[in-house]
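The values are calculated or read from the model by the stated rules, or taken from the named source; none is laboratory data. For clarity, every value in this text was computed on a predicted model and none was experimentally measured. Because the Cβ atoms are built from the backbone with ideal geometry, glycine has one as well, and the counts that use them run over all protein chains shown. Each accessible area value is taken on the protein alone, full model and side chains, heavy atoms only, with ligands, DNA and RNA left out. Shrake-Rupley method; radii C 1.70, N 1.55, O 1.52, S 1.80 Å.
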Amino acid sequence: MLSKLPREAWLVITIVALALGVHAVATRGNILAPSDFMSARNMQGIAKDTAMLGIFALGAGIIIIAGGIDLSAGSVICFAGFVAASLPEWIGYDQPGPYPIWLIGLMIGGALALGLSIGIFHGVLIHYLGLPPFVATLGTMAGLRSLASIVGSATVSVSDAGFRAIGKTWYVPVIIFLIECVVLFMVMRWMRVGRHIEAMGGNEEAARLSGLPISRLKLIAYSIGAVTGSLAGLVYLAHSGGVSSNTATGYELSAIAASVVGGCNLKGGAGSILGILLGCILLKLVTNVPLYVIETGATDWEGLIVGGVVILAVMLGRLGKK
């Protein structure tokens, strides 16, 4: 019975067991006692951190399912936030007081349109020009940060309270993330394009011989990845109030790690939205654990823990297949 459990079930079991284990350590074995780890404040923090990772990890996961890879997620987050914060200045808006609704809509629409154009650009480079996904997205990873420094100041900020509420209120990113999960779940599970993307990732040549529109599918997959990155850039801008050329450095690795932990095969053709969601929860949970177990120098362990979880997830996946 245990061998027939899907990966998502094992992720749920792991998350629950880890949470209970940390709670037991924090309470010295008295699991009925309250702990800071299980406090409402910490749970809200984990939920918000999970959402802010998951918003762009879902797009990165879909690209992996499609048989590709995206190393530019962090740079897309940075550049989208930079463009959104700079738009009021670029259009000459200098009125005092809160931003009007049309201006906030323009900032959001401009960032999402930017993400769509970047995704299409990736698709053109990879399919029509024949560049490997690693090379194409590596180029934009470096180029977008430099472009942000060239077209504007080193740091841009937003002080409007209405826009900042998107990132400052803990449940708003969670709602955005859950809506995105539902939409992408429907796309990948119930729509033809989602099934075709998964088939292309499993065997691109077979998909081409079957008559699937490979070029269109790649454009869609990379567009989803870049648009979700732009959406994350808006949330991060609202959360922090500003961006610089170093914002979101290394975030693409976290997105890939969450996808792999959630069951996405780096060779393509396997993975699910639910798995990526659970992978994000597990990844943020294990990075929160050192605060309550190690305490002193807890943040220094984050990279080591994430790397170990990714390696362990891949090893368990290979053992499961055997």
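Among the residues of region 39-85, the ones that are among the small types (Gly, Ala, Ser) and without any contact (Cβ under 8 Å) to a residue 60 or more places away in the chain come to 2 in all. Inclusion of Ser210 among residues that are at pLDDT below 85 and exposed (fewer than 15 other Cβ atoms within 10 Å of the Cβ) is not warranted.
Just one of (1) aliphatic (A, V, I, L, M); (2) in contact with a Cys (Cβ under 6 Å, 6 or more places away or on another chain); (3) farther than 24 Å from Val289 by Cβ fails for Ala84. It is (2). Just one of the listed residues (Leu237, Leu277) is under 26 Å from Gly202 (Cα atoms), buried (at least 24 other Cβ atoms within 10 Å of the Cβ) and modelled with pLDDT of 90 or more, namely Leu277. From the list Ile176, Ile166, the lone residue that is in contact (Cβ under 8 Å) with a residue 40 or more places away in the chain, part of a helix (DSSP H, G or I) and either buried (at least 19 other Cβ atoms within 10 Å of the Cβ) or touching an Asp or Glu at 6+ places or on another chain (Cβ under 6 Å) (or both) is Ile176. Test Asp160 against the stated conditions and say whether it is open to solvent by less than 60 Å² (accessible area, probe 1.4 Å) and of a type in the set (Asp, Glu). The answer is yes for Asp160.
Scanning region 32-68 for residues that are of a type in the set (Phe, Trp, Tyr) and not in a loop (DSSP other than H, G, I, E, B) yields one hit, Phe56. Put simply, of Gly201, Gly250 the only residue that is over 11 Å from the mean Cα position of the chain (by Cα), open to solvent by less than 40 Å² (accessible area, probe 1.4 Å) and on the phi > 0 side of the Ramachandran plot is Gly250. With the checklist (1) among the hydroxyl-bearing types (Ser, Thr, Tyr); (2) in contact with an Asp or Glu (Cβ under 6 Å, 6 or more places away or on another chain); (3) farther than 30 Å from Met200 by Cβ in hand, flag the one item Tyr93 doesn't pass. Condition (2) is where Tyr93 drops out.
Exactly one residue out of Ala207, Ala136, Ala199 is touching a residue at least 40 places away in the same chain (Cβ under 8 Å) and in a helix (DSSP H, G or I): that is Ala199. Could you list, in sequence order, the residues of region 95-111 that are more than 21 Å from Ser245 (Cβ to Cβ) and in contact (Cβ under 8 Å) with a residue 40 or more places away in the chain? Result: Pro98, Tyr99, Ile104, Ile108.
May I ask you to verify whether Ala84 is among the hydrophobic types (A, V, I, L, M, F, W, C) and buried (at least 24 other Cβ atoms within 10 Å of the Cβ)?
Working: among the hydrophobic types (A, V, I, L, M, F, W, C): yes; buried (at least 24 other Cβ atoms within 10 Å of the Cβ): yes.
Yes.
Restricting to region 15-31, and then to whatever is of a type outside the set (Val, Ile, Thr) and part of a loop (DSSP other than H, G, I, E, B), can you tell me which residue is surrounded by the most Cβ atoms within 10 Å (Cβ to Cβ)? Of everything passing the filter in region 15-31, Asn30 is surrounded by the most Cβ atoms within 10 Å (Cβ to Cβ).
Provide a single number: the residues in region 139-157 that are touching a residue at least 12 places away in the same chain (Cβ under 8 Å), hydroxyl-bearing (Ser, Thr, Tyr) and surrounded by fewer than 19 Cβ atoms within 10 Å (Cβ to Cβ). Residues flagged as touching a residue at least 12 places away in the same chain (Cβ under 8 Å), hydroxyl-bearing (Ser, Thr, Tyr) and surrounded by fewer than 19 Cβ atoms within 10 Å (Cβ to Cβ) within region 139-157 amount to 4.
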